[in-house]
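Below: the structure, in C-alpha cells.
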Protein chains: 2
Amino acid sequence: MGHNPTIADVAERAGVSKGTVSAVLNDKSSVSDATRKRVRDVIKAMNYRPRASAQHLLQGDGDRTIGLVIKEDDNPYYAGVIAGVRRVAGPRGYVLLVASSEGSSEAEHRVVEAMAAKDVSGLIITPALGEEADVTHLFELKRRNIPFVLLERIRGIQSHIVDIDNVLAARDAVGHLIERGHSHIVHFAGPPYSAHSQERVEGVRRGFSESSLVFRDEFIVPTGAHMEDGYETGLAYFRACGADRPTAVTCYNDLVAIGLLRALRELGLRVPDDVSVVGCDDLPLMDYLGTPLTSVRIPKEEMGAAAAEILIRHLEAEEPPPLEKVTLDAEVVVRASTTDLASADRAA
Amino acid sequence: MGHNPTIADVAERAGVSKGTVSAVLNDKSSVSDATRKRVRDVIKAMNYRPRASAQHLLQGDGDRTIGLVIKEDDNPYYAGVIAGVRRVAGPRGYVLLVASSEGSSEAEHRVVEAMAAKDVSGLIITPALGEEADVTHLFELKRRNIPFVLLERIRGIQSHIVDIDNVLAARDAVGHLIERGHSHIVHFAGPPYSAHSQERVEGVRRGFSESSLVFRDEFIVPTGAHMEDGYETGLAYFRACGADRPTAVTCYNDLVAIGLLRALRELGLRVPDDVSVVGCDDLPLMDYLGTPLTSVRIPKEEMGAAAAEILIRHLEAEEPPPLEKVTLDAEVVVRASTTDLASADRAA
DNA sequence: ATGAAAGCGCTAACAA
DNA sequence: TTGTTAGCGCTTTCAT
C-alpha cells in the first residue's frame, strides 16, 4: 500500500473502532485483554506507528525546544557554545537539539526547515556563508514567526544577533606579535563559508595598518578550519618559503594552529624559537598542549548563553520584543607559543 | 489570554475566515492586498504562530529525521560517531538531530521523549547508565513502535545494538604494556554512567589475569571522561604515590590521557621515559600532540555508520526486521607515549 | 477575493 | 467494554 497505515486502517483490520485502538495505544485499562491482544497484533502486523504530530497536538505548550545549528561537528569551539546555551536553556525547561550544516548553506537550509517542521520553539543559528547568499530559510522563519538568534552577522537579514568583534580579535593577535618585534607575520585564513573568517582577515589587515609594517596580500594564506588544514598548509607553506620564512603565524582558529604546530615540529622548526604561533578561540585544550598555545579568547559560553537568553526572552514575551544586537569582546591569552623577538635577539 | 492564539483567533480579530488567513500564511495569490495587509497586521499584533504539527500533518512522509543521543558534547569521540551516521544518513535523505544527555539518565529520558514527540523517524542512542537503571523511555519507544539502535549494550532491553568489545580493547592496552616489560600498571577509569567504562575496567583485570602479574584493586583509579579529570587525578595520584610509582597508565579515554600528560609534564615526569601512557578511542588529535599518544583505536565512524545502516533498513522495511547485534573490533595503535622497559634498561 | 465545509490522524467525552 | 461523536489547528476544495 502507498501511504503509512493510520489508526483507521488498524481499526478496520482489527474489526474495532478507532477509539478502541486509541485506547490500546494509550494503555487504557478499559480494553478487554482479548481485544487488546488482537489490536496489538494488527498493529505489529501492519507495522503501524502513530503520528506524534497528530497525537493530541499536545505539543502546543508542553514542549519547549531550542534548535541550534552549528557548522562543524568536530570543532570543540561549538562545544563551548553549546554548553552556554544549555546552561541557560536547561534550567528553564528547554531541550536542546543540535544539527550541523558542515558549512554548507544548502545543508543549513534543509536542517532549518526540518527543525521548523518539527516545531521547535526557536532557533540559534551559526549561518554558513553561501556563494549565493541563500538566506531564504531565514526569511521563511520570519514569515512563520519562528524566533531565531544569529551567531554571526549576515547581511540582508534583520534579526537578533550575538557576535564578537572578529576584526578586533585578529587585530589584537597581530598587534601582540608586532609589539614583540615580529615584522614578518602571515595569517592562515579560515574557510570561505565563515563570516568570522573574512572578518579576521580584515583584522589582520587592520593590525598591519596600525603599525609601520606594510601589508601584502601574500600574507594571507588560505587554509581552512580543521587540524588537517593547518597541518597540510603548514607543511606546504614552510617547505616552500625557504629563507624568507615568517617569524610568526596567526591562525584562523586553534585547530588550524594545532595542525600548524605539528607541521612545524615535523619540519624541525621550533615553537616559539623559530616561529611564533597564535591561535583563535582559546579552546580548553590549549592549556594541555606540550607548548601551551597563545590564543585569542572567544567567549564561547557567553555567546551561547546570551543567545539563549535573548531567544527565550523572545519566546516567552507576549509580543515580539525589539531586535537585540550583542557584541562580545575577545582578548589575547598569552601562553608559550609566542616569543619576544627583541629579547630573543638580546639573548643570542 | 491563556493559550496561544490559533488561526481562528486571528480570523476573528481580522474579520475574515480561517481559509483566508491560511491563504495569507501560505502566500497564495488569491488574497487582496488590503486583506493581506490587515491579516498580516493582526498576526503580528497577536504574535501568532502556526503550529507546524497541524499544518497539513504533512510530515508523515516527507520528513526523514534521525535523532542521535550522545553523552558528552565536548568529546571528539562523538564527532567521529556523528560523522559516521551522517555519512550514511545524509545521502539517503535523512536529517540528523543530535542531543546530549551529559551522562544523566534523567536527561536522556527527557531528550528521547522530546525527540519522540517531534516524530523523528528513528533514534540512535548512547545510553547513560542510571543508578536506577531507568530505561522506561526505551520501552516507551518500543511501545510506540519507534525504531532505535543502541550504541552501548544495556541489560534488560532488547534492541538493535552496535558496540565494541571493550573488554578486549582494555585487555589489549594492558597486554601491550606487559609485553614491553611493564609490571606496575594502573588504570584511570571512566565515569560510572558509562557501560564502556565498566567493561574497560573488566578488560584491565583480564589483562592482568592473562599474565603472571597479580591484579590489585588499587590499580583502578576512578577518574572520569574529561581532560580535567585526567589532569586532576593525575596530579593527585602521582604526587601521592611517591617512590612506588607506576611505570605505565592506561586511561579510560584519550581525553583523560591528555589530562594526565599535562599533569605528568607539570610534575616533571617524562613520557614515556618515566611513565608510559595509553589512551583509548584514538582521536584524530592523537597524532597532533607533542608526543603522539598510543591509543586503542575505537572504530567510531564505523559504529555510527553501522547504526545508521541498521536503523534506516528498519525504517524502510515493510515489516520489522530481526534485531541486529554488531560488535566491532578495537586495536592498539602504537605511538610515542609507550616505551619498552626492557630496552630502556638496556640503554641505561 | 472570500467564506463555508470537509477532512487530516488522533484523543476525549459520552452513550450504549 | 466498546462504538459514536465531536473537536484539536490547520489546509483545501468548492461555492459564491
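Points to keep in mind about this one:
- Condition met for residue A:220 (aliphatic (A, V, I, L, M) and touching a Lys or Arg at 6+ places or on another chain (Cβ under 6 Å)): no
- For the range A:1-53, a residue qualifies if it is more than 13 Å from DNA strand C (Cβ to nearest atom) and within 23 Å of residue B:314 (Cα to Cα), and the qualifying residues are A:40, A:41, A:44, A:45.
- Tallying residues that are within 11 Å of DNA strand D (Cβ to nearest atom), assigned to a loop (DSSP other than H, G, I, E, B), surrounded by 12 or more Cβ atoms within 10 Å (Cβ to Cβ) and of a type in the set (S, T, N, Q) within the range A:1-31 yields 1.
- Criterion violated by residue B:73 - all others in (1) surrounded by fewer than 24 Cβ atoms within 10 Å (Cβ to Cβ); (2) more than 8 Å from chain A (Cβ to nearest Cβ); (3) more than 16 Å from DNA strand D (Cβ to nearest atom) satisfied: (2)
- Scope the range A:50-67; condition charged (D, E, K, R) and either at pLDDT below 85 or surrounded by fewer than 17 Cβ atoms within 10 Å (Cβ to Cβ) (or both); matching residues: A:51, A:61, A:63
- Test result for residue B:104, within 11 Å of chain A (Cβ to nearest Cβ) and under 15 Å from the mean Cα position of the chain (by Cα): yes
- Among residues of the range B:15-39 that are away from chain A (no Cβ under 14 Å) and free of Cβ contacts under 8 Å to residues at least 24 places away in the same chain, those with a Cβ under 6 angstrom from a residue that is in a helix (DSSP H, G or I) and more than 8 Å from DNA strand D (Cβ to nearest atom), sequence gap 6+ or separate chain, pair up as B:17/B:11; B:18/B:11; B:31/B:24.
- Among the residues making up the range A:81-100, a single one is of a type in the set (Ser, Thr, Tyr) and either surrounded by 24 or more Cβ atoms within 10 Å (Cβ to Cβ) or away from chain B (no Cβ under 11 Å) (or both): A:100.
- Top-ranked residue of the range A:229-262 - restricted to ones that are of a type in the set (D, E, K, R) and at pLDDT 95 or above, ranked as nearest to residue A:330 (Cα to Cα): A:254
- Take the conditions (1) away from every other protein chain (no Cβ under 13 Å); (2) assigned to a strand (DSSP E or B); residue A:279 misses just one of them, which is (1).
- Among residues of the range A:109-121 that are facing another protein chain (nearest Cβ under 8 Å), those with a Cβ under 6 angstrom from a residue that is surrounded by 20 or more Cβ atoms within 10 Å (Cβ to Cβ) and charged (D, E, K, R), sequence gap 6+ or separate chain, pair up as A:118/B:118.
- Subset of the range A:282-309 that is β-branched (Val, Ile, Thr) and crowded, with 24+ Cβ neighbours inside 10 Å - its residue that is farthest from the other protein chains (Cβ to nearest Cβ): A:296
- For the condition in a loop (DSSP other than H, G, I, E, B) and surrounded by 14 or more Cβ atoms within 10 Å (Cβ to Cβ), residue B:332 does not qualify.
The values are calculated or read from the model by the stated rules, or taken from the named source; none is laboratory data. None of these values were measured; they are calculated from a predicted model. Positions of Cβ are generated from backbone atoms using ideal geometry, with glycine treated the same way; all protein chains shown enter the neighbour counts.
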